[in-house]
Every structure is written in C-alpha cells, then in structure tokens.
Amino acid sequence: MTQGAISLTLCAPFDGVVIPLREVPDPVFAEGMMGDGLAIHPLSDTLLAPCDGIVTTLHAARHAITLRSDAGVDVLVHIGIDTVALNGDGFTTHVREGQRVTTGAPLITFALDRAALAARSLATPLLVVDGSSCGITERTMGRVRAGEPIMTIEAQQPSPLRRSDSSSDDVHSRLVTIPMRHGIHARPAARIAAALKPFSARVTLHNGTRSADGRSTVGLLALGAGLGNVVRIEAEGSDAATALDAVSDLIASGMGETDQDDVPAASAEAVAPPGVEQRPGALHGVRASPGLAVGVAYRLENEDPPLGENGGPIAEERASLADAVATTHARLASLAAQGSDAQRAILDAHLAILEDPTLLERSHGLIDEGRSAGYAWHRALADQAAGLAELDDPRLRERAADLRDLDRQVRRALAGDMRSGETLPDSAILIADDILPSQLIELDLSRLAGFCTERGGPTSHVAILAAGMGLPSLVAMGADALKIANGTPLILDADAGFLEVDPSTERVSEVAEIMAERRSRRAMALRDAEMPCVTADGRRIEIFANLGSVADAEQAARHGAEGAGLVRTEFLFLDRQRAPDEEEQRAVYQAIADALAGRPIIVRLLDIGGDKPVPYLAAAREDNPMLGLRGIRLALRHLDLLECQLRAIAAVTPAGQLRIMIPMVSTVDEIRQVRAMLERVADVVGMTEPPQLGIMVETPAAAATAGLLSAEADFLSIGTNDLTQYVLAIDRGNAELADQVDPLHPAVLRMIGLTCEGAARHGRPVGVCGGAAGDPAAVPLLVGLGVSELSMVSALIPETKARVRGMDHAATRALAEAALDCADAREVRALVRAFEQDMKP
C-alpha cells in the first residue's frame, strides 16, 4: 500500500453472481461513467451495507443508495437497470439519509420477482463514485454469498479542495425545468458530469435548499430533483457561459427520458409503427394476434393472493403446499383434457413445471427455515423467473410469465380461492397490465372480443393462445391503456396495431361492415382450403404449416396445409432431464407424418444453444448466446445426439416424406458434415436415397452466400424472425423497439431477394417459414421476390391461399422491385396497400 493510503474492503450486498462492470447492459455503467467497480446479479431480496459508513443519498425511487465510507470513499449501489421506472413499487427502505450503518446492515428490501419481470436487467452495479483518488486493487468474480469480500480499494487521504482559478466576475446562472420523467437519477447524473469534462468552470446545481457540484454524480443524485422541479444552474470561470449552455441544453433535451420519448405504443400522440394507419386519439401497440373487433373496455385486475412470510409447524406447511399443488395439478389436467390443441400444449407445459422436483425442494427448504407454504412457493418460482428474465432469447424471457401464473394459481389454492374466471360484459375487450395464460383460459370466450395489455410480448404463451382462439390482441401498449374506463366503446384493429377509444357511431358501423365482409371471405376460403394454390397466371405456390406437435399437424390437415414447412423438434428436447431416445423421436415424427398423409414435411434439426439451455448438454456461459453456440454449431459438438435424431427421421415411413433442415447454417462445411452423417445413416437403415437436406437462412451471411450454400443444399428456407433482427441489429424481444422489427424493411427484403437469386442459379426452391409468411402485406412481396413456398400458423392457411390465387405473378415481381427502392418499412407497407387496392375488382 502506498504511503498515506487507506484500504477499504467492500462486501457482497446480497447472495449472487458477480460479473465485470462492462457486462452491465447500460453504457452509463458499463463504460464507467458513474464510476469504477463491478456488478452482481442478486439471488436474495435484501440489499445489505457493503461497508461501514453514512447514508448520504437514498433515491426517491428507493432503488439506489450511496454510502460515505469511513475511508471517505463514496460507494453507490444501484439495484438493477431501469428499476427507477418502478417508482419505488416493491422497494422498502430500512434506513434514512444521514444514518450511520455497519457492514451487513439491511438497507433495502425489494420484490425480486417483480423487479426481474419489469426491469431491463437485475445486474446491480456496486461502484466507487467520484473516485479520482481511489484505485481498485482486487475484484472477486463468480458466485458469492452476502457478506463475503468482493472488492478492495486503495484510497488516498483526501486533500483540501482547491478553488478553480476562475474569476468571480465570470458568473452565469440559468433556471431549467427538469423534463425527465424520473428526474435526475443515475443515468442523467452521469451524463451531466460527463458533459462538464471539457470545461474548467465550476458548475453548481441548486434544487431548493440542496446544492450539488455538477461533476459529482453522488451530489447530483442527492439533489432530489424530480420531474417538473425548477433547478438553478450556476457556472463560474473563464468558460462559464459555454459550460452553462452545455449543461442546461443537455437537461432541457430530456436525455431521451421524457414522456415524448416513450415507446410509441404507450402514448396516444405517438407516431404509429411502420405501415400503420394514423387515427387521431388511437393507442398503438405490438400485434400479438391478428384480427379486428368492436366492443367495450373491461379492466382485468390482477389481484395477488395473500403472502404471509412466517409459517406454522413445518409438517403442516409442507402438507398445505402438497395439497395446493395437487389441487392445481388436477385443475390444469382437467382444463387440458377439455381445451383446444394450443391450450393443451401450454397447459401440459404448466403441468411439467408443477412436477419439477427442484421447485418443491427449494420450497421445502424455505419452509424448513420457518417460512409459510405460500411464501416458500412464491420465492422458489420467483428465483426461477429472475433467471429466465436475464436470458437473451425473447421467448424464454417471456416464459417467466408462466412461472408467475403458476405462483398465483398455487397460492390461490392455498387460500381456498377456487373462483372461476371473471364475469364479462358482451363483446368485452380486456384491458390489463398483463394477462396470464390461466386467466385467459378461464374466461367466457362467447363474451370476449379481444384484449390489450400494457406489458407483454408477441411471443408469450398468452399471445399463442390468443392466435389459436382467433382473438385480436395487442401487447406492449404502455400505461395509457390502463387509463381507459370500464364500458368505454373500443375498436381493436390488431392487424394495423391500434386501439381506437370512444369512436363515433359512424366509425363503429363502418368497422362492423368490414368485419362482416371478412367473415364471409374467411368462410369461402375455408371451403376452398383443400384446393392447390396457384396464382392467377399459373405459378404454383405451396402453402405449408409450421408445427410444434402432433396436434398441430392434425390441425394443419384440417386447414388445407399442403405440407409442413417447419417442424420445431425442440418440443421433444426441452423441459426434461435427458434427451429423448431414437424410438421416442421416431414415434412422434411418424405420428406427424401420418396426420399429414403423404404430404411433404420439413423437420428442423434440434435448434437449441446457450440461450435455450438443457440440463443434459453442458454449456459454458456465453456473453451473447444468440451469436454463439446454437443450432448446428452445437449439434456438431454432440454428434451422438445429432446421429440419433437423423436415425429417427430416416426410420419414418413412407421413405422420403420427411425432409431435413439444418438450423443456423453459416458455412458450406456444416452442410457437408451433416450430409456425410446422413448418408451413413441412410445406408444403415437401408434407404436407397437419403432424405432431402436443406438449410435455414437466418443470417445476412447465409443470404449473401446463398449461391454457394445452394450448391450443397437441396432446398432453402428463410427464417425471417431471426433474419430481421440480425439485419436490423434489433432484439425482437425488446418491447421498446418491437414496432421497428419489421421484416418488410427494404434491407430485409434485399436479403430475401439475394437468397432467391442464389438458389435459382442451382435450381433450388426457396421457402419462408418465419412470421413474414403469414403477414398479409408480406405475401405478395415474397411471391414477387421468387419464394415458392410459404409456411405459417395453420389458421392463416385458407385465407392466404385465397389471396395468392388472386395474384398475378408478374405484378408481384414489379411490386417487389419497387419495394426494394423504398426508404423504410412504412413506405413498403403503403406500397402494398396501394397494390391491394389495384387488385380489387
């Protein structure tokens, strides 16, 4: 230690996993703008003091706290990322500003599950702020227990502050109103301090009786400056005027945190998503299930069952939990037996979670510590939900809602609350912060017209259920949706992505006519669903179905599917402790083949990876699983698993009905390795010819090299969901950007065009099995670009066939060429609307 230095050890503020600061998903923390340190993913719900000191700042939202240690070092702990938006909901403080605390003292208790579901990340930075005289000498990474040393700091004795050599004559001041919805919290404080780095002037901000140095992030947090507060900014020095301009302009800009910067879905005045018709006063959201509905608002309140922490005798609490789980299991099994295919699939997944022994083991452990059965079950599921919420895959993140649903159901059973669903008014359009699968299944569908949620995502189980029920629905609408009063007339246009509030009588009549026309058109399409799909000028377009179970295959056959363009085999491999054997796989593949009676079926090889972990495949943690070891990259590292799946597919009869598709291909060598193994398997089972072998095009690299890959593959199928997010560099699971993830963006269309051109050089057919295949606006573009097979949800097949039959292929080619020259997806969708108007007789 250097002379005059003081050593300070910081302890883990809770149980968790310590990660480098650079891995925090927020540049303000990751780039050290707030200070140096580390971050920890919490596994317990009470923040403990990492050192002895004085509480100098406790943020109004109760999510962040600063301690002045006895060594004179300011230490900031910021629970999660974007938790300020919770406005303190679920956070309880145990200390006050100015209070002295010792290491390990409880500071803040927070609802871990609620924070995990609402926040962008639970990664919690532990920082040394304003630490120019400090150096971190040791950091501990990995799993830690609360109270264990995780960081050592060497701090110099503070020297007296020197006044800047500014002239007292150069003093400037200005009043600024705080426009940021959460005031000056960690992120704005860091940006203000960073903005002052080029200047020598002393800048001070005043809010009432509180003042702060503009370069002190801790001081700025302590200002308590909230939305609408008027702050006086003073600058003194030779460059005071320009420094003052820099800070006041930065604050006035709102830094992207004003109400006007909300997600478009959250504001009635927001700009509509690409291609969406503007309607005054409409609220916009992300489509979860298509359709059009007229009805009245009905607010669905999510009341949590009671949650007492302290339990009674251990044996009684264990017995109560066992009874509640058994009651819930029996109820779900009964609903599954009576429900639709989609309902049965989701309820079966819920039943599998209920049967997970690790959840009961965790619950029993907490009961043994004196907790109640309800609290123990709640904590066990909340811990699992928090882990899911941290994953990169949007579908797995949204599975946290399933855990929340089961938490609610079992706790209802514990409380003896076995009420059925809400009593709805006729033509009810549900409005809720979120809707759980069990809530939707319990409702009277004869009275339900659709639903809208403040939160949620388009790949959630509720969205899947809604699509299967034919319920129009929008998600990620923002808080304005919750302001709609019960009984308010509504028009829900999920196709266009908006909700009209209190429309005129004339407008309601107009929409009712449109709905009647659609019903008539749908009935005609279903009548002709078994007919082949050929354009008006004779071009054959195959319309296939996407499948995830045998039940899906049976439904596809009823809707006129000409085959299966995608069988997601992951459903056989997930939610279990060991991989399915060859016979189990063969039986399922054979049942799917039987259901589709000789029609071609494309089976995608197992597509899992770092973002879809399975317990029987050891995988190291990856910083970015979506760009890591997934799809065929993983399969080629587990050749026994790959060969077993190929043998099961090859054993299905009749030979050749099943085709094989490789996921996430990026190189020619990957195709050659799989083909060599497939040929060996075909020889062993006595096939004269191995099954056709194709690839999925999901990355810009695969699209750009489609000509090379087509020389090795028998067919190509474009996965537009992944292709869109990779081309646009936007996470399709990010609710704030969901309206921008549009496969009709010209950049995505150009990638599809490149794929078709490359495949044509070798005479290979190209299909689309992503979400774009079922998007009515995308269909004429895909046909025009050269796609010859579209695979979608079964329910969309009849109407898609009818639309394609009315198209002229030459006209769709001209449309596609024009779309490639559009500026964005909005222009493309407008172009398609004009094309469809021209098509009408």
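Values in this text are rule-based calculations from the coordinates and carry no lab data. None of these values were measured; they are calculated from a predicted model.
Looking at the square roots a ≥ b ≥ c of the eigenvalues of the Cα gyration tensor of region 480-523, which shape do they give, rounded for a/c under 1.5, prolate if a/b is larger than b/c, or oblate? Prolate is the answer for region 480-523, as a/c is 1.5 or above and a/b outweighs b/c.
Please report the equivalent ellipsoid semi-axes of region 1-66, computed as sqrt(5 x eigenvalue) of the Cα gyration tensor, largest first, in whole Å. Numbers along the way, then the final one.
Working: eigenvalues 86, 60, 42 Å².
Three semi-axes, in Å: 21, 17, 14.
Taking amide hydrogens as placed 1.01 Å from N in the peptide plane, the amide H of residue 108 sits under 5 Å from those of 47, 94, each at least 5 positions away in sequence or on another chain.
In order along region 651-660, the Karplus-derived 3J(HN,Hα) couplings, from 6.51 cos²θ - 1.76 cosθ + 1.60 at θ = phi - 60°, round to 7, 6, 10, x, 4, x, 5, 8, 10, 10 Hz, and Gly and Pro are given as x.
The shape of region 8-140 comes out oblate: with a ≥ b ≥ c from the C-alpha gyration tensor, a/c is at least 1.5 while a/b does not beat b/c. The H on the amide N of residue 449, modeled in the peptide plane, is under 5 Å from the matching H of 428, 429, 430, each at least 5 residues off or on a different chain. Under the criterion of Cα pairs below 8 Å and six or more residues apart, the relative contact order for region 634-748 equals 22 percent. Size check on region 675-828: the Cα extents along the three principal axes, sorted descending, read 53, 36, 32 Å.
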